[in-house]
């Protein structure tokens, strides 16, 4: 273990996951944040269900939001919604009642052997980028009945955003994904946290510093293959440099953000960050890292949240993409929201999602 001082905090995900897997109510009596009011200049937008990951559209004011239903229940159904920051309206985008359940994969999207749309669909990490043909592609980790990466085409209209399923890529048996990123020129990278079966044992091994997962690369011509040098205890969020040469990887149970050569697997830089969740790019070129600070007493109640928002301590760090040096630009505990998982720079403010609760928050960067 690289950071002995974080022992209590690093054991938190193990206990929480085991409690969830066993259906334990844990500390469900602990207080959640039930009101939806501004607090200290932080503005909540309520009406979500576990808005775990966010991706900003090119118009700069609409975000695709991944609503995670469950990491452990294969029958749970989540959704993709669109948040418009101009009027703060939330619109369901996928699945819709009119979605064609018999749709076939589109040529050039995902694996030609994809069996069809996911049912149920339970999204986790998402990423959006332009394809080589100019069309806008959204990738989504799916924890439904099948573990998969789902491919969607995004069609922004003036008063609507259409999200259309186009295909999937089914990973090797046992894969359990967390986050995904588009590769320049095609293909993707996805973080394999651990084996999907035996999660409690894998988390115990990760707690003691053992590698439980790695990054998969997928290319349509050859399928999935592990990426050398990406092994770690519970790989989580992932980003890629603009040229595709360097991987930025959050290793949750090691308390590290790693900059890795995609070609050689060499670790080029490391930042110590407490329990790093998702990554995103700030407008000034820095990496934004959501870091979980809450100990056992804060995180366990959030795993059994029935309403309101998680109060768990977290911060958002901004790191130089070469040295990985940097510090916190925002931190919060309690109202109006805790348990932050991802921060999106929309120009002058951050929009922050959470793994547990009914809201996202808007926080002016200049105030933090």
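The values are calculated or read from the model by the stated rules, or taken from the named source; none is laboratory data. Since this is a predicted model, take the numbers as computed values, not measurements. Backbone-built Cβ (ideal geometry, glycine too); neighbour counts: all protein chains shown.
Residues in the range 238-255 that are assigned to a loop (DSSP other than H, G, I, E, B) and either touching a helix residue (DSSP H, G or I) at 6+ places or on another chain (Cβ under 8 Å) or more than 17 Å from residue 128 (Cα to Cα) (or both): 245, 255.
When each of 363, 343 is tested for being touching a residue at least 40 places away in the same chain (Cβ under 8 Å), in a strand (DSSP E or B) and more than 17 Å from the chain's Cα centre (by Cα), the lone residue that passes is 363.
Quick grid of which residues meet (1) at pLDDT 95 or above; (2) over 22 Å from residue 56 (Cβ atoms):
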| position | (1), (2) |
| --- | --- |
| 159 | no, no |
| 166 | yes, no |
| 179 | yes, no |
| 186 | yes, no |
| 203 | no, yes |
| 208 | no, yes |
| 223 | yes, yes |
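Based on what the data block shows, is residue 190 within 24 Å of residue 131 (Cα to Cα) and in a loop (DSSP other than H, G, I, E, B)? Taking the combined requirement at face value, the residue does not satisfy it. What is the number of the single condition among (1) within 22 Å of residue 177 (Cβ to Cβ); (2) under 22 Å from the mean Cα position of the chain (by Cα); (3) without any contact (Cβ under 8 Å) to a residue 60 or more places away in the chain that residue 53 does not meet? The failed condition is (3).
Residue selection: residue 209 fails the criterion of being more than 15 Å from the chain's Cα centre (by Cα), in a loop (DSSP other than H, G, I, E, B), under 24 Å from residue 54 (Cβ atoms) and touching a residue at least 12 places away in the same chain (Cβ under 8 Å).
This table checks each residue for (1) over 21 Å from residue 248 (Cβ atoms); (2) at pLDDT 95 or above.
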position	(1), (2)
282	no, yes
289	no, yes
298	yes, no
301	yes, no
308	yes, yes
316	no, yes
321	no, yes
324	no, yes
333	yes, no
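Does any residue of the range 85-101 turn out to be in contact with a strand residue (DSSP E or B) (Cβ under 8 Å, 6 or more places away or on another chain), crowded, with 21+ Cβ neighbours inside 10 Å and assigned to a strand (DSSP E or B)? Among the residues of the range 85-101, at least one is in contact with a strand residue (DSSP E or B) (Cβ under 8 Å, 6 or more places away or on another chain), crowded, with 21+ Cβ neighbours inside 10 Å and assigned to a strand (DSSP E or B), which makes the answer yes.
Give the range 183-195 a look and list any residue that's more than 14 Å from residue 235 (Cβ to Cβ) and touching a residue at least 40 places away in the same chain (Cβ under 8 Å), or say none. Those that are more than 14 Å from residue 235 (Cβ to Cβ) and touching a residue at least 40 places away in the same chain (Cβ under 8 Å): 183, 184, 185, 186, 188.
Residues in the range 291-328 that are under 26 Å from residue 243 (Cβ atoms) and part of a strand (DSSP E or B): 316, 317, 318, 319, 326. Scanning the range 212-222 for residues that are closer than 18 Å to residue 244 by Cα and assigned to a strand (DSSP E or B) yields 214, 215, 216, 217, 218, 219. Among the residues making up the range 210-221, a single one is at pLDDT below 90 and out of contact with any strand residue (DSSP E or B) (no Cβ under 8 Å at 6 or more places or on another chain): 210. For the condition touching a residue at least 60 places away in the same chain (Cβ under 8 Å), closer than 25 Å to residue 46 by Cβ, crowded, with 18+ Cβ neighbours inside 10 Å and under 16 Å from the mean Cα position of the chain (by Cα), residue 308 does not qualify. Considering each residue of the range 241-264 in turn, none proves to be buried (at least 17 other Cβ atoms within 10 Å of the Cβ), touching a residue at least 12 places away in the same chain (Cβ under 8 Å) and more than 21 Å from residue 125 (Cα to Cα). Going residue by residue through the range 57-71, is there one that turns out to be at pLDDT below 95, closer than 22 Å to residue 307 by Cα and in contact with a helix residue (DSSP H, G or I) (Cβ under 9 Å, 6 or more places away or on another chain)? The answer is yes, given that some residue of the range 57-71 is at pLDDT below 95, closer than 22 Å to residue 307 by Cα and in contact with a helix residue (DSSP H, G or I) (Cβ under 9 Å, 6 or more places away or on another chain). Reported count of residues in the range 316-337, each being surrounded by fewer than 21 Cβ atoms within 10 Å (Cβ to Cβ), within 20 Å of the chain's Cα centre (by Cα) and in contact (Cβ under 8 Å) with a residue 60 or more places away in the chain, is 1. Within the range 145-173, if we keep just the residues that are outside any strand (DSSP E or B) and in contact with a strand residue (DSSP E or B) (Cβ under 9 Å, 6 or more places away or on another chain), the residue that is farthest from residue 78 (Cα to Cα) turns out to be 172.
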